[in-house]
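Each remark here refers to the structure printed beneath this line.
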Amino acid sequence: MPFFIKSGNEGSSLKTVLIFRIVLAVFIIGITLTLFSLGVSLWQARALMQSMLKTNADNIKEKVEFVMHGVEVDAKMYASLFQKLFNNGVDQKKDLLLFVMENLKSNKDYDGFAYFDAKTGEMFRMIKVNDQNLVVVEVKSKGNGLYTTSVYKEFLTTKQEEIDNDPNQIDPRSFSFFLEMKKNNKACWVHSRKSKTIKYLEKAAPILSYALPLNDLQGELVGLISLDVGIVQLEELLGEITNQKSNFSELYDGVPFIIEKSSKDELLVIGYPHKHDEEEFPRSLGKNDYSGYLFLADQHPDIRIQTFAKLVQNQKNLGNDIFNQDATSIEACTDINSETWVYSWSEIKPGEKPDWVVGVCVKRKAMSAGGIAMGRMVFLSLIVMIIIMIPIGIRSGKSIGDPLEKMAADVVKISRGDISFSVDSKSNYREINQLTEGIEKMKSGLLSFRKYIPYKVVNQVLASRKTAEPFAEKKELTLFFSDLENFTTISESLEPDKLVKLIGDHLAMCTNIIQSLDGTVDKYIGDSVMAFWNAPEDCKNHELKACQAALACQEQMVLFNERNKAEGLPHLKMRIGIGTGTVFVGNIGSDDRLNYTAVGDTVNLASRLEGTNKTYKTWILISDKTQIRIREQILTRPVDKVAVKGKANAILIHEVLCKKENETPELRKIIDLSMLGFDHYLAMRFQQAIDCFKQILGVNKSDHLALFYIERCKGFLVFPPPSDWDGTYISHSK
């Protein structure tokens with residue numbers, strides 16, 4: 001490396017390198033902090049603009065909701081007045097209609113009013129022509145399902161004049177608007193629509209209505225009223241908002257809008273700040289069912305509205321319904337000219353009609369223009385220094401950082417018990433080489449150490465950062481002892497190398513199975529294995545796992561013997577004893593020599609059970625305490641009431657047969673007969689016991705336990721036990 005002087009073949013001094021790295025780090029940190037400060041400033045500026053954008057959207061929503069609230073309040077007042085007409089039976093309809101007409105003239109936000117009689121089909125509809133003039137549409141029944149429509153100006157005055165007439169009017173009760181209200185029978189907003197009652201109204205602007213049902217005392221629909229807000233009124237409201245000084249329109253090319261999701265799932269622009277004339281928005285530019293007042297959002301002449309329609313579709317593809325959100329949202333979207341717009345919108349009455357969102361958009365470039373300009377200046381001034389320092393930093397960092405990172409990862413893995421040798425590689429720095437060599441030597445020692453002691457214990461010592469000390473704790477464990485039948489005789493016929501390989505393969509097989517089921521292998525005693533569960537780490541269901549390990553070992557012995565047979569090696573059989581109880585477990589020994597093991601009666605019991613297999617020609621015996629814990633998952637049968645060598649008290653021992661899921665009808669029969677026969681045996685009903693065990697031979701003629709008890713019971717028939725006999729058998733097996 002050109003920046004440092006090498007000292008022989010041992011590499012450069014780590015101290016010199018670190019000094020250089022500190023100087024370099026200080027310089028880079030200074031640049032980083034500068035850039036970070038600039039980034040924070042840009043982020044704060046953008047966050048402030050987004051907050052203002054959300055505030056703008058909320059203000060629009062508030063103004064629209066204020067108009068809607070006024071409509072709802074007045075509509076409820078009108079509904080209450082008309083409801084009294086029906087309830088009281090007083091004919092004050094003329095006065096009431098005159099009252100409504102005067103209110104419409106005085107309120108610039110309202111476009112019209114309609115009243116439907118659900119029984120007769122008659123309808124009154126008031127439509128505002130200007131602030132002082134109304135036209136009234138009256139639909140009357142001619143009988144036989146025929147209706148006629150008349151249009152009046154100066155209605156209910158001395159100057160009343162009919163200005164249009166349609167004798168072929170259909171029943172207003174068939175209008176989709178009326179049918180929807182009749183079905184729901186509750187107050188609600190109705191989607192934007194255009195009146196089609198007569199030709200006179202064909203050029204009228206679409207309306208938005210708040211409708212309320214009128215019910216009689218029995219709750220039956222007798223009529224409904226609706227108070228209308230015109231699209232023009234909404235757009236005048238947005239125009240006022242756009243022209244306010246606080247709005248983003250002039251500075252950021254923004255625009256407010258109101259979008260409605262129609263009953264056909266189409267997005268209609270029901271609010272947009274413009275004048276409806278052919279020069280600004282010719283009808284040929286988009287689908288237009290409402291005489292130039294409503295456009296589909298994705299076909300709107302304003303590209304900003306088109307882009308919002310694209311954003312809505314993107315949100316829908318992600319599973320988000322913007323028409324059912326409580327919070328004000330903000331999102332960016334790019335138009336067809338690659339210009340990015342930032343939109344903020346809020347839904348009117350989420351989960352209720354109408355399906356409206358009100359929002360506003362601004363140009364992203366305009367939002368970030370000032371910050372971007374400042375960022376460019378700072379960035380250009382720093383980029384040259386960064387370009388110079390990056391190669392130096394990378395080269396210097398890699399030369400030291402890579403080996404240190406590798407060593408750190410090795411040490412972490414060692415602390416977890418994951419120990420493996422690394423590929424030998426030399427560094428330019430002598431200190432790193434010395435550290436690497438020391439770590440590899442430590443690995444070698446730990447790997448050797450782990451072969452003598454259970455790996456879990458080694459891992460605990462590594463993780464504790466303490467040296468091992470003599471200690472023991474009282475804990476419930478499940479002990480496991482295994483031994484090979486007649487292995488001493490078999491070993492005498494084998495050559496030493498084959499004997500070592502045979503024992504090694506057998507012990508490795510058992511060890512792998514025990515450890516895979518969270519057991520701890522304590523020690524090997526010749527061809528025998530001592531293991532336990534629930535220490536040094538707690539183990540749930542340790543009795544079950546011990547029995548599962550025993551069954552797995554016996555299953556693997558079948559494959560093990562098949563491989564040995566192919567190699568000319570002898571057939572081996574393994575006996576296993578398992579017991580559960582409280583023992584002392586820990587580091588037992590002297591200060592200089594420790595052994596992590598378990599001692600106590602349960603240890604001796606499990607060892608004796610392994611030897612007791614010889615008496616009953618069984619292969620897996622477990623204590624009664626173990627059997628109680630595993631009987632829901634493992635199939636067993638009682639073997640005998642035994643006082644093992646060294647124990648005065650007798651215990652009930654059981655033979656492990658298989659897992660519960662491997663049960664067959666034949667096996668179930670054997671188990672049931674074994675239990676019944678053993679009950680007869682303990683009750684000294686020896687002939688009945690013989691009959692049960694003979695039935696077992698009918699299922700399995702070579703059943704070892706049945707043959708054993710038939711002979712024992714026959715002996716008791718000839719030489720009965722004493723009257724105080726409790727069935728206990730004194731075992732002398734070790």
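Any read-out appearing in this document is the output of simple, stated calculations on the displayed coordinates, not a laboratory observation. Just so you know, these numbers come straight off a predicted model, no measurement behind them. Positions of Cβ are backbone-derived with ideal geometry, glycine not excepted, and every protein chain shown enters the neighbour counts.
Could I have the simple spin-label model distance between GLN313 and ASP679, label points 7 Å from Cα toward Cβ, reported in nm to one decimal?
Each label point lies 7 Å from its Cα, and together they span 7.7 nm.
Using the count of nearby Cβ atoms within 10 Å as a rough guide to exposure, how do LEU134, LEU96 rank from fewest to most?
Ordered from fewest to most neighbouring Cβ atoms within 10 Å, LEU134, LEU96 come out as LEU96, LEU134.
Which peptide among 518-525, 74-81 comes first, and what is the full order, when sorted by highest mean count of other Cβ atoms within 10 Å?
518-525, 74-81
Order these peptides, 550-559, 530-539, 566-575, by their mean beta-carbon neighbour count within 10 angstrom, highest first.
Ranked from most to least packed, the peptides come out as 530-539, 550-559, 566-575.
Using modelled amide H (1.01 Å from N, peptide plane; none on Pro or chain starts), what sits under 5 Å from the amide H of GLY271, excluding residues fewer than 5 places away?
Close amide H contacts, sequence-distant or interchain: ILE258.
Need one word for segment 528-685: rounded, prolate or oblate. Basis is the Cα gyration tensor (sqrt eigenvalues a ≥ b ≥ c); a/c below 1.5 gives rounded, then a/b vs b/c decides.
Judged from the Cα gyration tensor, segment 528-685 comes out oblate (a/c at least 1.5, b/c at or above a/b).
In what order do TYR729, TYR709 fall by count of nearby beta-carbon atoms within 10 Å, going from fewest to most?
TYR729, TYR709
Too long at a 27 Å Cα-Cα cut-off: which of LYS641/LYS694; LYS474/LYS523; LYS659/LYS714?
Checking Cα-Cα distances, LYS659/LYS714 exceed 27 Å.
Would you work out the charge dipole size for segment 108-196 about its Cα centre, treating the Cβ of every Lys and Arg as +1 and the Cβ of every Asp and Glu as -1, and quote it to the nearest 20 debye?
Dipole size: approximately 420 debye.
Ordered by residue, what ³J(HN,Hα) values in Hz, to whole numbers, does segment 65-73 give under the Karplus form 6.51 cos²θ - 1.76 cosθ + 1.60, where θ = phi - 60° and Gly and Pro are x?
Each residue's phi maps through the Karplus curve to give 5, 4, 4, 4, 5, x, 4, 5, 5 Hz.
Using the Cα centre of segment 537-591 as origin and beta-carbon charges of +1 (Lys, Arg) and -1 (Asp, Glu), tell me which of HIS542, ASN564, GLY581 is placed farthest towards the positive end of the dipole.
The Cα lying farthest towards the positive end belongs to ASN564.
Rank THR664, SER674, CYS713 by how far each Cα sits towards the positive end of the charge dipole of segment 664-734 (+1 on Lys, Arg Cβ; -1 on Asp, Glu Cβ) and give me just the farthest.
It is THR664.
Excluding ILE348 itself, calculate the net charge of residues whose Cβ lies under 10 Å from the Cβ of ILE348, where each Lys or Arg counts +1 and each Asp or Glu counts -1.
-2
Using the 10 angstrom Cβ neighbour count as an exposure proxy, how do TRP341, TRP725 rank, fewest first?
Placing the least packed residue first, the sequence is TRP725, TRP341.
What does the C-alpha gyration tensor say about the overall shape of segment 508-569? Classify as rounded when a/c is under 1.5, otherwise prolate if a/b is larger than b/c, or oblate.
Cα axes put segment 508-569 in the prolate bin.
Compute the relative contact order of segment 664-734 as a whole-number percentage, counting only Cα pairs closer than 8 Å that sit 6 or more residues apart in sequence.
Relative contact order comes out at 28 percent.
Calculate one ³J(HN,Hα) per residue across segment 686-697 by plugging θ = phi - 60° into the Karplus curve 6.51 cos²θ - 1.76 cosθ + 1.60, and present them in order as whole Hz with x for glycine and proline.
Those phi angles translate into 5, 5, 5, 5, 4, 4, 5, 6, 5, 5, 4, 5 Hz.
Charges only on Cβ, +1 for Lys and Arg, -1 for Asp and Glu: so what's the dipole of segment 598-640 about the Cα centre, in debye to the nearest 20?
Dipole of segment 598-640, to the nearest 20 debye: 120 debye.
Assuming a ≥ b ≥ c are the square roots of the Cα gyration tensor eigenvalues, decide whether segment 596-684 counts as rounded (a/c under 1.5), prolate (otherwise, with a/b larger than b/c) or oblate.
In terms of gyration-tensor shape, oblate.
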